[in-house]
1. Between residue 167 and residues 5 or more places away or on another chain, which pairs have amide H atoms under 5 Å apart, with H built 1.01 Å from N, and which residues are they?
2. Projecting each Cα onto the charge dipole of the chain (Lys/Arg +1, Asp/Glu -1 at the beta carbon, about the Cα centre), which of 251, 104, 63 comes out farthest on the positive side?
3. Grab the beta carbon distance between residue 87 and residue 402, set R0 = 45 Å, and tell me the FRET efficiency rounded to 0.05.
4. Give the dimensionless ratio obtained when the Cα radius of gyration of the chain is divided by 2.2 N^0.38 Å.
5. Give the long-range amide H neighbours of residue 360: residues separated by 5 or more places, or on another chain, with amide H under 5 Å away, using H modelled in the peptide plane at 1.01 Å from N.
6. Give the calculated FRET efficiency between residue 68 and residue 358 to the nearest 0.05, with a Förster radius of 56 Å applied to their Cβ-Cβ distance.
7. Suppose accessible area is computed on protein heavy atoms with a 1.4 Å probe; arrange 303, 218 from highest to lowest.
8. With every protein chain kept in place and ligands, DNA and RNA left out, what is the accessible area per residue of segment 285-400? Probe 1.4 Å, answer in Å².
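The values are calculated or read from the model by the stated rules, or taken from the named source; none is laboratory data. Because the structure is a prediction, the values reported are computed rather than measured. Don't worry about glycine lacking a Cβ; one is built from the backbone with ideal geometry, like all the others, and counts go over all protein chains shown. With ligands, DNA and RNA removed, areas are computed over all heavy atoms of the protein, side chains included. Shrake-Rupley method; radii C 1.70, N 1.55, O 1.52, S 1.80 Å.
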Amino acid sequence: MQKKGRTRWLAALLALLMTLALAGCSGSSGTESVRLMVWSPSEDQSKDSGEWLQTCCERFAELHPEWDITFVYGVADEATAAGTVSQDAEASADVFMFANDTITTLTDAGALVKFGGIYADEIRATNSEALVDSLTLDGELYGVPFTTNTWYMYYDKSVFSEEDVKSLDAMLEKGVVSFPFTNSWYLPAFYLGNGCTLFGDGTQEELGVDFGGENAVEVTNYLVDLYSNPNFVVDADGSGIAGLRDGSINAMFTGSWDSASIQEILGDNMGVAALPTYTLNGEEKQMYAYAGSKAIGVNTESEYMEQAVALAVYLGSAEAQALHYELRNVVPCNTELLEDESIMSDPVVMAQNDTFDRTSILQPFVSQMSNCWTPVENMGKSIRNGDTTHDNAEAQTQAMNDAMNSDGIS
């Protein structure tokens, strides 16, 4: 009996030691070990910009003590991340930033996670419908927006009044205006203002592009006259900023990325506004910018899906956006932040969101959109070079439209 009792005691002791050993392997607090690779532009990680990404990730870890997270940081900006992730998802980051017009690149490769359930509800509850639409494809939500992406107008308040900047024609009577005339992200603003369309509502690829009718020809003729206006200057290769600096121009069109430089130049005279109207055949037409968003995405190959999705939602949260704005002047889009007076008093924030909501169209991200950039660029260059005139505006406009609807430029 004594031997049998000792055997039972030894078995119980071994079982207890095994339990303690297993507990030791998993961590005394019972936390789960997690490794997350996170990519962002270099500016989000630099000490000069306050290490936004590292700060947010460390805060996220504090909010989730149940996970023992090791973060691995890599550099990839929003424009190039999609190409890298789609080519080799297994070797790419768990969480990354991307521009919404690269969604199809990622989804065609099956490399972008869909957000559903409580996470999708949270994203929809804290962003405008237009923002959510910018990240929705075939009814599925593919990212967490952290800023809008569009362009608008900066001007010298000592030259133009708030009333002047509502009309491009009024501005051209009082000062010199610079515009990226040969840049195909900007020039369509005039065509869109006169009823030209891209793929129906932007998602109907089968409808193609309508930049070739009489309304488009009217715009081409307007642009021929605009280019010849002595108070109009083509902005290319940084000439707009340079012109503001030496006083040779008084207004230019760009986005938040140039706000710090323009603020340095104009100081208290810096004005910012949504896009103006222009006068075509005696009627006012509203210019419309392309607009999109930048978002946090999750790789479908992530080994730690729960944690990756939660981190993406946090990086697009009001708290993370507020810090992004504080450290890098990244314009927030979270609806709670846009009710904050200290944020909405910033003219850049107001202009960017006003443009996104009122004077822009969602930039199509159908695959055929890739055929639309070069023909429009060529139209701007053709007018600048004197090859497109009133005499051949109709033929040149139709040629642009044909090229936009083709599979390549002939």
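1. Close amide H contacts, sequence-distant or interchain: 277.
2. Comparing the listed Cα positions along the dipole, 63 ranks first.
3. With a Förster radius of 45 Å, E is 0.90.
4. Values: Rg = 26.6 Å, N = 410, 2.2 N^0.38 = 21.6 Å.
Normalised Cα radius of gyration, the chain: 1.23.
5. So residue 360 has HN proximity to 289.
6. Numbers: r = 47 Å, r/R0 = 0.84.
Efficiency at R0 = 56 Å is approximately 0.75.
7. Working: 303 145, 218 60 Å².
The ranking, largest first, comes out as 303, 218.
8. That works out to 41 Å² per residue.
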